[in-house]
Amino acid sequence: MSVRELLPFFKWGFSLRRSNFLVPILSNDVLVTGEEAVSYQEPRQTIPKSAEFNPPNTKSVPLPLAPLPHGDNIKPSPLDNALSMLTNEELILRVEQGSLPQYKLETELNDYPRAVEIRRQVLERSLDRDVNLKPLPFQNFDYSAVQGACCENVIGYVPIPLGVAGPLLLNGVSVQVPMATTEGCLIASTHRGCKAITQSGGARCAILSKGMTRAPVVRMPDVSRAVELSIWLEEPSNFALLKRTFESTSRFAKLLGIKTAIAGKQWYQRRVRG
């Protein structure tokens, strides 16, 4: 059966490519895949006229054939227009022209290593010729843990040596302490400290509070104004106002408290964030 004889059973919303859709073969009650139907080219067997069944007063009506798509009638599928189908050079050109933002490379391509590679090439073109990013590694890294979490416009990663100190007897449990650093002798001295603590019976620890602290300073006109500001902040309603304002700037940060100190006109505040 030829492709043209199957056309009445197709809707030309897609192109005849390799697929897994099922096609009925006329009245034979047989289902085949689209690939098998397209590749099937065996000539039809002729039926002797004596064996034909022609009911009286009936006429055979040929099935209408859908026009074959060609030329301007062919519409590209969304997959053909996907950015992932473009070459690296075409993607770099779009980034340089501003039609494709760099920060969208990972989400548009759904290929993290390729997105990082294209970003590196764009950066190299914008820098001096003496700048070479090849010594900066970028392959063999799980960028899915980075995307949307801790780093943007990634161009690679910097390996840091990782050592271990211990064992340390902590709360009755022997643990190893991993430490990533480029400071010489840091792990060696920590290791000796762990050994001394363990041989002395171990250490016990407890968590009193959890939070991240920041300590900005405000320079007031004079010391009296700095004192007034500290007193104003001690009022619960004023702290609540400051807390609402602070938390409106972030989806994650929570203001847990503020400790203040005065040194002359300097008003120090240590913010505790959760």
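The values are calculated or read from the model by the stated rules, or taken from the named source; none is laboratory data. The structure presented is a predicted model; accordingly, all values stated were derived computationally and were not measured. A quick note on method: Cβ atoms are made from the backbone with ideal geometry, for glycine too, and the neighbour counts reach across all protein chains shown. These area figures cover heavy atoms from the full protein model, side chains too; ligands, DNA and RNA do not enter into them. Shrake-Rupley method; radii C 1.70, N 1.55, O 1.52, S 1.80 Å.
From the residues in the stretch 132-146 that are closer than 30 Å to ARG251 by Cβ and exposed (fewer than 15 other Cβ atoms within 10 Å of the Cβ), which one is modelled with the highest pLDDT?
Selected residue: ASP142.
Of the residues that sit in the stretch 213-270 and are aromatic (Phe, Trp, Tyr) and touching a Leu at 6+ places or on another chain (Cβ under 9 Å), which one is surrounded by the most Cβ atoms within 10 Å (Cβ to Cβ)?
TRP267
Let me spell it out: the conditions are (1) in contact with a helix residue (DSSP H, G or I) (Cβ under 7 Å, 6 or more places away or on another chain); (2) polar (S, T, N, Q); (3) surrounded by 10 or more Cβ atoms within 10 Å (Cβ to Cβ), and ASN171 meets all of them except one. Which number is the exception?
For ASN171, the failing item is (1).
With the requirement that a residue be open to solvent by less than 100 Å² (accessible area, probe 1.4 Å) and either touching a residue at least 24 places away in the same chain (Cβ under 8 Å) or among the basic types (Lys, Arg) (or both), what does the stretch 194-208 give you?
The answer is CYS194, ILE197, THR198, GLY201, GLY202, ALA203, CYS205.
What about ASN153, is it in contact with a helix residue (DSSP H, G or I) (Cβ under 6 Å, 6 or more places away or on another chain) and on the phi > 0 side of the Ramachandran plot?
yes
Taking the stretch 116-131 only, how many residues are surrounded by fewer than 10 Cβ atoms within 10 Å (Cβ to Cβ) and part of a loop (DSSP other than H, G, I, E, B)?
Result for the stretch 116-131: 4.
If you take just the helices (runs of 4 or more DSSP H) that sit entirely in the stretch 162-274, which of them hold at least 1 residues that are within 37 Å of the chain's Cα centre (by Cα) and not basic (Lys, Arg)?
Passing ranges, in order: 186-199, 236-247.
Could you check the stretch 132-149 and list, in sequence order, the residues that are part of a loop (DSSP other than H, G, I, E, B), of a type outside the set (S, T, N, Q) and closer than 14 Å to LEU105 by Cβ?
Within the stretch 132-149, PHE138, VAL146, GLY148 meet the criteria.
Taking THR182 and the conditions (1) among the hydroxyl-bearing types (Ser, Thr, Tyr); (2) under 30 Å from LYS134 (Cβ atoms); (3) touching a residue at least 60 places away in the same chain (Cβ under 8 Å), which numbered condition does it fall short on, given that it satisfies the others?
(3)
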